[in-house]
Amino acid sequence: MTKWVMLTDFALVGALLLLGKILRVHCRPLQRIYMPVAVLAGMVGLILGPSSVDILPWGRDFASNASLLTAVLFAALGLATDLPSPRCVAQRAGSLWAFNQVATVSQWLFAAMLGLFLATFFWPGLNPGFGLILSAGFMGGHGTAVVVGNIFSDLGWADALTLGLTFATAGIFISISVGMLILQLAVKLGVIRNFTCFNRMDDYQRKGLIAPDKQQAVLKETLSALSVDSFAIHIALIAVVTAFAYHSANYLSSFSEQIQIPNFVTAFIGGMMVRLVAQKTGCRRYLCDNVFNHAGATTTDFLIVFGISSIKVMVLASYLLPMLILLVSGTLFTLFLVLWVAPRMLGEEWFEKGIFSWGWLTGTVAMGIALLRIIDPRMNGGVLDDYAIAYVPGSITDVFIISMMPLAMVHGFYMEAVMASAVYLLLVLFVWKVFLCRSQGQPVME
């Protein structure tokens, strides 16, 4: 891919995002379903792309841009992530950490076993790791769908990328549509009192805009422009970590054909290493986390557009029925986690944390925030702060599952994967019941 072809691909995504935002601002039905602009742009790209009308001048390998953006995303996440102390996690967000671990591991395990069941008894031609694409798209979103899809592609199953991106896209719609139904039911049952429905929103909120008097600056100037622009240094760090991720992942993967290290793993670790060095050397005070966070969010939007636009519609036809079974079953299982497990693990504020968890377990963290804002518009609760604290130790489990579970399923280590997951779940529940819920006054699961 030449530099101008890549530039054209990114320009097309930019144009699609602009078109999507214009449609979102001026089309009331899109506002009512809380349509994310990136998803709308991706759907337009899919309709106009090679799988349908085929009038957009995409490069031949435009879909590979999603892999690059995944590395950039995790590099930015690592650069913005502090390692909290075990005491901080236990005292502030111990129960949320435990629930996140139970929800994450059990969703992956449920999907893996259901996919294996379908491949064994109903569709022998299915890949034994078929079920993993559900969790990759649901919990991980388009970024993780790309990672898992590429891992499966390297293992000989090229269709996995399209299926994972499809589940990720479906997950976003399920996240918002079912999430709104959960909120309305909670109002009727008296679980929550405040509910900012669409009709109560002001015009700015409906259109996804921020009123001029409420707008805030993104970048904090930490360096003098006489020497170098602050933004340039932050982007330079992301670029260096991303390049490190690519080359280190290739080097580590060269030792064995059976084990391939995804570059998102080395990107996240590399970002955290750079941040740790900045803390030890006193340079941390000259870094602005807002830049890294917005770089990650921007990358995610571009990644979603690339991902949805590259879905191969014809591939979906041969997987339609098992995909529907997996989609419905996964949705019901996630509802069970949020509506039955969450109240027993998260205590009095279980619903706020549960509805946020529903968002990221089916769509993305952004979907969780969107649902949370409906019942807490001013974000006065501490759900996001607790999630940020619980995320870092939990992300280690995510990285391990995402990178190792596909290998285990494809190479036939089914029982080993099940046993390892089950043992970890029991360990988390033991730690939660004995150490965390009692120290935080949470009810013990019965």
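The values are calculated or read from the model by the stated rules, or taken from the named source; none is laboratory data. All values derive from a computational prediction rather than experimental measurement. Quick reminder, even Gly has a Cβ in these numbers, built from the backbone with ideal geometry, and neighbours come from all protein chains shown.
For Val338, state whether it is among the aliphatic types (A, V, I, L, M), closer than 13 Å to Asn100 by Cα and at pLDDT 70 or above. Walk me through it before giving the result.
Working: among the aliphatic types (A, V, I, L, M): yes; closer than 13 Å to Asn100 by Cα: yes; at pLDDT 70 or above: yes.
Considered against the rule, which asks whether it is among the aliphatic types (A, V, I, L, M), closer than 13 Å to Asn100 by Cα and at pLDDT 70 or above, Val338 comes out as yes.
Within segment 34-87, being touching an Asp or Glu at 6+ places or on another chain (Cβ under 6 Å), more than 23 Å from Phe167 (Cβ to Cβ) and among the hydrophobic types (A, V, I, L, M, F, W, C) holds for one residue alone: Ala80.
So for segment 64-78 (the condition being surrounded by fewer than 24 Cβ atoms within 10 Å (Cβ to Cβ) and part of a loop (DSSP other than H, G, I, E, B)), does at least one residue qualify? Checking segment 64-78: not a single residue is surrounded by fewer than 24 Cβ atoms within 10 Å (Cβ to Cβ) and part of a loop (DSSP other than H, G, I, E, B). Out of segment 29-56, which residues are touching a residue at least 12 places away in the same chain (Cβ under 8 Å), loosely packed, with under 15 Cβ neighbours inside 10 Å and not in a loop (DSSP other than H, G, I, E, B)? Selection gives Arg32 alone. Could you list, in sequence order, the residues of segment 319-328 that are under 14 Å from Ala119 (Cβ atoms) and surrounded by 12 or more Cβ atoms within 10 Å (Cβ to Cβ)? Tyr319, Pro322, Met323, Ile325, Leu326 - these are the residues of segment 319-328 that are under 14 Å from Ala119 (Cβ atoms) and surrounded by 12 or more Cβ atoms within 10 Å (Cβ to Cβ).
Only one entry of Gly347, Gly307 meets the criterion of being closer than 29 Å to Ser357 by Cα and under 18 Å from the mean Cα position of the chain (by Cα), and that entry is Gly307. The residue that is farthest from Tyr319 (Cα to Cα), counting only those in segment 151-161 that are crowded, with 23+ Cβ neighbours inside 10 Å and touching a residue at least 40 places away in the same chain (Cβ under 8 Å), is Ile151.
Say whether the condition of being surrounded by fewer than 24 Cβ atoms within 10 Å (Cβ to Cβ), of a type in the set (Ser, Thr, Tyr), modelled with pLDDT of 85 or more and more than 30 Å from Thr298 (Cβ to Cβ) is met by at least one residue in segment 110-127.
If we filter segment 110-127 for residues that are surrounded by fewer than 24 Cβ atoms within 10 Å (Cβ to Cβ), which is where we start, we get 110, 113-114, 116-127.
Narrowing further to those that are of a type in the set (Ser, Thr, Tyr): 120.
Next, from what is left, pick out any that are modelled with pLDDT of 85 or more: 120.
If we keep only those that are more than 30 Å from Thr298 (Cβ to Cβ) too, we end up with 120.
For segment 110-127, residues surrounded by fewer than 24 Cβ atoms within 10 Å (Cβ to Cβ), of a type in the set (Ser, Thr, Tyr), modelled with pLDDT of 85 or more and more than 30 Å from Thr298 (Cβ to Cβ): present.
Of the helices (runs of 4 or more DSSP H) that lie entirely inside segment 257-321, those containing 2 or more residues that are touching a Leu at 6+ places or on another chain (Cβ under 9 Å) and modelled with pLDDT of 85 or more span 263-281, 289-309.
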